[in-house]
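To start, the structure under review is shown below, and the notes come after it.
The values are calculated or read from the model by the stated rules, or taken from the named source; none is laboratory data. Not measured: the values here are computed from a predicted model. All Cβ positions, even for glycine, are placed from backbone atoms using ideal geometry, and neighbour counts span all protein chains on display. Ligands, DNA and RNA are excluded from the accessible area calculation, which covers all protein heavy atoms including side chains. Shrake-Rupley method; radii C 1.70, N 1.55, O 1.52, S 1.80 Å.
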Amino acid sequence: MAMATPPTWFTVVSLIFVGIGFLCAGVILYDIFGRGYRQRIGAMEAVWPITAFYFGPLALWAYYRWGRPQSKEWQEENSVPSEGGLPVAAVTETVPGGAASFLGHLVAVPLVVLLGLTIAGSGLWPMIILIALLALPLLFAFEYFSLGKGLGVALLTAAVAIVAFDVGMGAAMIFVHFVLMFPPTTVAFWFVMQIGLILGFATAYPVVLWLVRRDTKEAV
């Protein structure tokens, strides 16, 4: 399938949004490591900046509202407790899935292009499969080692979350491949992938919320 050259205006918009994502990630990294607001769960020190790559200013807002208050430094400075509740817990448990999928993108897309992998004559399907295969162990490790969930629960949670994420993210990948037809070597492709990760968050969040609510009831 012949790829299309992204319009100039779309490339400019893509550069702006990708640049904003990098800027927001840099702000969070500075806050964590430069200002000392280290996260209680070490893996979140990578998750929050990665989330900013695709959610931009919204991730920055979420970090300052729910991420930074999880640091010991913030809790020592403020007498009020950090915000909680099931919806917030679901957000903080959904963003690791997005970070795992983002890292899967970074590896899978160049690898498929470099090796020329195809299924049914298209490189899209190997990309989707490889992203899921790479993201699953990353999210499992977070659930098992960082959150301390049991082996079966961690594996089930990771598998369900990644599948839910792939629903929204896969839709964006199919759209950019078959409709826009932008090559994966363009910034326009990665901008659409940012949108895909946001859609993936939207499809995964209700599932994670259900899982968090179920785990809470079982704990009680």
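Odds and ends about this structure:
- Over the chain, Cα pairs under 8 Å with separation of 6+ residues give a relative contact order of 24 percent.
- Hydrodynamic radius of the chain per Kirkwood, over alpha carbon pairs, in Å: 18.1 Å
- For the chain, the mean residue ellipticity at 222 nm estimated from helices alone is -23500 deg cm²/dmol, where every DSSP H run of n ≥ 4 contributes -39500 (n - 2.57) and the total is divided by all residues, rounded to the nearest 500.
- Gain upon complete extension [M3, V88; 0.36 nm per residue less C-alpha separation]: 26.5 nm
- Heavy atoms of T11 accessible to a 1.4 Å probe, total area in Å² rounded to 10: 40 Å²
- Accessible area of the chain divided out per residue, in Å², using a probe of 1.4 angstrom: 49 Å²
- In order along the stretch 142-148, the Karplus-derived 3J(HN,Hα) couplings, from 6.51 cos²θ - 1.76 cosθ + 1.60 at θ = phi - 60°, round to 5, 5, 7, 8, 7, 9, x Hz, and Gly and Pro are given as x.
- Legend: calculated FRET efficiency, L29 to A120, from the Cβ-Cβ distance at R0 = 35 Å, rounded to 0.05, equals 0.30.
- The chain, accessible surface, carbon-and-sulfur percent (1.4 angstrom probe): 72 percent
- The stretch 1-86, relative contact order in percent, only Cα pairs under 8 angstrom and at least six apart counted: 29 percent
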